[in-house]
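Visitor: A single structure is presented below for examination.
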Amino acid sequence: MKSVDQHLADLLRLATPLRPFDMHLLDAHDATLAQDIFSTVNLPPWDNSAMDGYGVQSDDLRNASEADPVELIVDGDIAAGSSHLIQVVKGHAVRIMTGAPIPPGCDSIVPVEWTDGGIETVSITRAPVLGQHIRYKGSDIVSGTLILEQGVRLHSAQIGIAAAVGLDRLPTHPHPRVVVLSTGDELVEPGLLLSPGQIYESNSWMLAGAVREAGGLAFRVATVSDDHVRFMQALEDQLVRADLVVTTGGVSKGAYDTVKEVLQRLGTVQFETVAMQPGKPQGFGTIGPDDTPIVTLPGNPVSAYVSFEIFVRPMIRRMLGLKEIYRPIVRASVRSPVSSPIGKRSFVRGVIEVVDGRYVVTPVDGQGSHMLGALARANALIVVPEDIDHVAIDDSVAVMMLGEA
């Protein structure tokens, strides 16, 4: 059997970052930055007030106190965005708003809370420190500073800093368009009535959600029957919008494994047995005039999900241009024994938590490859190496964290 690591390496060779282009800021949200970005402006662009209050000369207020307040003449107001600046002279002050430019002669801002709020004159009860509550030009960012590194995922804070330095577009790797398709005559769309021998199709819904969580754009195709012509037609119809195709079902050794039979004829997809549990039957290759990557996953729901996490998620994140493409791995103490077949890497569904400052993980009941109930309770995969057949209580194990990342 083929090793998990070798199969992953083969799949990652098919996944290259998508060609970048400039996106408007909101469109770029959650995409990946394709190049370093340097600021062409200072932030703040000029000295400004950090408080609503009064612009003063600090020497005038050296002896100000609650018992002996100092009174200054107020010469006018300066609002945020104002271009008319009133010079502050000895014995005088100006009312100033948060974000307003610092006027000539002003060396400190007195918060309005330290005053009587006067308009023509103001009584001040505390002495400010020189430079107090002034945001100085370039104190946040100096022009020429690297503000965003290539490969960063663009979330709200990154979008904010881009806008703050005047950018309305960013060069980004777009979200990979991932087509998800399930096959099987026994499958029925949720919401319809079941006939004897039928089950509701869940894999494509689950995997489409996993595509979104990985950062891709998911295009779910309605269930396709075990008919060679219909399957091929459905596949061809989707290639125009696909950067990656993921199928589930029809890749084992049964008499009606449509996906395997059809794609083998194309000569560009190979099917292999991977030394893992669950998820042994796997396939991959390219299809269509643009050599679109395709990954074929097993039909059992848990096998499909685990295979996606191990193989497809890293592909999507590499296509996004991300530096970190793998789920985080931690060490944890296992709370109940785990068995695993020698020669296969097992991915055991579990619940991980922090107890007394350390990770502990509990395998969930129901490890069958069809048991979605147990999968829905899990938030981690316990990874048991190929050369280990038993993990005892309190043994340290590697655990892949599922969830946001």
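The values are calculated or read from the model by the stated rules, or taken from the named source; none is laboratory data. In this text the structure is predicted, and so the values were computed from the model without any measurement. Please note: Cβ atoms are built from the backbone with ideal geometry, for glycine as well, and neighbour counts cover all protein chains shown.
Visitor: Of (1) surrounded by fewer than 16 Cβ atoms within 10 Å (Cβ to Cβ); (2) under 25 Å from Asn42 (Cα atoms), Ile159 satisfies all except one. Which?
Guide: (1)
Visitor: When you scan region 361-378, how many residues do you find that are crowded, with 16+ Cβ neighbours inside 10 Å, modelled with pLDDT of 80 or more and more than 19 Å from Thr248 (Cα to Cα)?
Guide: Residues meeting the conditions: 6.
Visitor: Scan region 176-187 and tell me whether some residue there is within 30 Å of Thr286 (Cα to Cα), surrounded by fewer than 18 Cβ atoms within 10 Å (Cβ to Cβ), of a type outside the set (A, V, I, L, M) and assigned by TED's automatic domain parsing to the domain that holds Ser39.
Guide: No; the residues of region 176-187 include none that is within 30 Å of Thr286 (Cα to Cα), surrounded by fewer than 18 Cβ atoms within 10 Å (Cβ to Cβ), of a type outside the set (A, V, I, L, M) and assigned by TED's automatic domain parsing to the domain that holds Ser39.
Visitor: What's the number of the condition Thr16 fails, among (1) outside any loop (DSSP other than H, G, I, E, B); (2) within 25 Å of the chain's Cα centre (by Cα)?
Guide: It fails just one condition, (1).
Yes/no per residue for (1) within 30 Å of Ala162 (Cα to Cα); (2) in a strand (DSSP E or B):
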position: Asp59; (1), (2): no, no
position: Leu72; (1), (2): no, yes
position: Val122; (1), (2): no, yes
position: Ile147; (1), (2): yes, yes
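Visitor: Could you tell me how many of the residues in region 31-53 are under 27 Å from the mean Cα position of the chain (by Cα), surrounded by 16 or more Cβ atoms within 10 Å (Cβ to Cβ) and part of a loop (DSSP other than H, G, I, E, B)?
Guide: 3
Visitor: Oh, and also: Answer yes if at least one residue in region 180-200 is among the β-branched types (Val, Ile, Thr), out of contact with any Lys or Arg (no Cβ under 7 Å at 6 or more places or on another chain) and without any contact (Cβ under 8 Å) to a residue 24 or more places away in the chain, and no otherwise.
Guide: Taking every residue of region 180-200 in turn, at least one turns out to be among the β-branched types (Val, Ile, Thr), out of contact with any Lys or Arg (no Cβ under 7 Å at 6 or more places or on another chain) and without any contact (Cβ under 8 Å) to a residue 24 or more places away in the chain.
Visitor: Determine whether Ile393 is on the phi < 0 side of the Ramachandran plot, in contact with a Lys or Arg (Cβ under 8 Å, 6 or more places away or on another chain) and not in a strand (DSSP E or B).
Guide: It is true that Ile393 is on the phi < 0 side of the Ramachandran plot, in contact with a Lys or Arg (Cβ under 8 Å, 6 or more places away or on another chain) and not in a strand (DSSP E or B).
Visitor: Turning to a different aspect of this structure: Which of (1) farther than 30 Å from Asn203 by Cα; (2) in contact with an Asp or Glu (Cβ under 9 Å, 6 or more places away or on another chain); (3) of a type outside the set (Ser, Thr, Tyr) does Pro104 not meet, given it meets every other one?
Guide: With (1) farther than 30 Å from Asn203 by Cα; (2) in contact with an Asp or Glu (Cβ under 9 Å, 6 or more places away or on another chain); (3) of a type outside the set (Ser, Thr, Tyr) applied to Pro104, the lone miss is (2).
Visitor: Restrict the check to region 292-315 and report whether at least one residue is at positive phi and in a loop (DSSP other than H, G, I, E, B).
Guide: The answer is no; no qualifying residue exists.
Visitor: Still on this model: Inside region 217-235, can you point out the residues that are buried (at least 19 other Cβ atoms within 10 Å of the Cβ) and either in contact with a Pro (Cβ under 8 Å, 6 or more places away or on another chain) or aliphatic (A, V, I, L, M) (or both)?
Guide: Selection gives Ala218, Val224, Ala234, Leu235.
Visitor: Condition check: surrounded by 15 or more Cβ atoms within 10 Å (Cβ to Cβ), without any contact (Cβ under 8 Å) to a residue 40 or more places away in the chain, within 20 Å of the chain's Cα centre (by Cα) and under 23 Å from Leu11 (Cβ atoms). Does Ala214 satisfy that?
Guide: Here the answer is no, as Ala214 does not meet what is asked.
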